[in-house]
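The block underneath contains the structure these notes are about, expressed in structure tokens.
The values are calculated or read from the model by the stated rules, or taken from the named source; none is laboratory data. All of these numbers come straight from a predicted model, not from anything done at the bench. No Cβ is skipped: glycine too gets one built from the backbone with ideal geometry, and neighbour counts run over all protein chains shown. Side chains included, ligands, DNA and RNA excluded: accessible areas come from the protein's heavy atoms. Shrake-Rupley method; radii C 1.70, N 1.55, O 1.52, S 1.80 Å.
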Amino acid sequence: MSGAADIGILSFCLIYLLLIVVLILMRRSKIAKTRELLIASLRMTAQLVLVGFILTYILQNPHPAFTAAFISAMVVFSVHRVLSRQKGLNFRFKVIIGASFSISGLAILAYFVLAVLGQSLANPQYTIPLAGMILGNSMTGMNLALASFSQSITSQKQKMDALLNLGVPPQNILKPLAGGALETALIPTINSMVGMGIIFLPGMMTGQILSGTLPTTAILYQISIMIAICAAVSLAVFAALMAGVKTLYNGKSQFTFGPDITRKDPS
């Protein structure tokens, strides 16, 4: 099998014609997201071009420090992205989210690279792309989980207060909501697993086939990374919520948040 076909600059520019089509359709449908889509597309292009140059340098000059620095930056930006959407959470909850996300993602990455692939963590060819997939999907899962958890608390605040007044421990009230949030976080991964191979070919497998890898090898990689992603999302969200809910009530079994999970000073 031959490698992936090269895409020249002029040929690459042709893909933006499709974006123009989307923008026109959005405009005609009076969807107020055209500016947002345009900015997102330009930002994506700039970021990926910059990362492309950085990765080219790292792959041509492999060094553990470069690999560690790149992955550290990925973790920092991922955590920042998650926490920037959760302004109402108290500080301890945010620390727990950041720690759970980082430790779970890096642990699954290390297991995948060392145990499954038998490669060194310092090898950027494997570590960096896999880190991107694991951390990226974990970030999406965490955002979905926290949004679901916050929405559940907001919509069920009166019910929660009633249960609390009846003597139900706050941890017993909050844990089912955390469980529902974990279920929400796993929906995209489970849906992808169900549709893979029959409805669509996933990105990692497609990329490997385009680069000349045998489909049988690409399949093994894809199955492995999907299970790793599922584990990373589950561990990160479970640890963050199960530990984080403990910051939402005090020693007197009183909730310490308002209807929007904004921290209040305990009385």
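When each of 169, 188 is tested for being within 25 Å of the chain's Cα centre (by Cα) and either β-branched (Val, Ile, Thr) or at pLDDT 90 or above (or both), the lone residue that passes is 188.
Taking the criterion of being of a type outside the set (A, V, I, L, M) and farther than 17 Å from residue 247 by Cα, the residues of the stretch 153-172 that qualify are 155, 156, 158, 159, 165, 167.
Is it true that some residue in the stretch 116-130 is assigned to a helix (DSSP H, G or I), β-branched (Val, Ile, Thr), over 21 Å from residue 229 (Cβ atoms) and touching a residue at least 40 places away in the same chain (Cβ under 8 Å)? Looking through the stretch 116-130, none of the residues is assigned to a helix (DSSP H, G or I), β-branched (Val, Ile, Thr), over 21 Å from residue 229 (Cβ atoms) and touching a residue at least 40 places away in the same chain (Cβ under 8 Å). State whether one or more residues within the stretch 142-151 are open to solvent by 40 Å² or more (accessible area, probe 1.4 Å), farther than 24 Å from residue 71 by Cα and free of Cβ contacts under 8 Å to residues at least 12 places away in the same chain. Looking for residues that are open to solvent by 40 Å² or more (accessible area, probe 1.4 Å), farther than 24 Å from residue 71 by Cα and free of Cβ contacts under 8 Å to residues at least 12 places away in the same chain, one finds at least one in the stretch 142-151, hence yes.
The condition (being touching a Pro at 6+ places or on another chain (Cβ under 6 Å), modelled with pLDDT under 90 and part of a loop (DSSP other than H, G, I, E, B)) is satisfied by just one residue among 253, 267: 253.
List pairs: first residue in the stretch 28-44 and under 18 Å from residue 16 (Cα atoms), second residue part of a helix (DSSP H, G or I) anywhere in the structure, Cβ distance under 6 angstrom, at least six positions apart or on different chains. Note: pairs meeting the criteria are 34/23; 34/26; 34/27; 41/19. Of all positions in the stretch 202-211, at least one carries a residue that is closer than 18 Å to residue 231 by Cα and open to solvent by 30 Å² or more (accessible area, probe 1.4 Å). If the condition is being open to solvent by less than 60 Å² (accessible area, probe 1.4 Å) and either touching a residue at least 40 places away in the same chain (Cβ under 8 Å) or among the hydroxyl-bearing types (Ser, Thr, Tyr) (or both), then the stretch 45-61 contributes 45, 55, 58.
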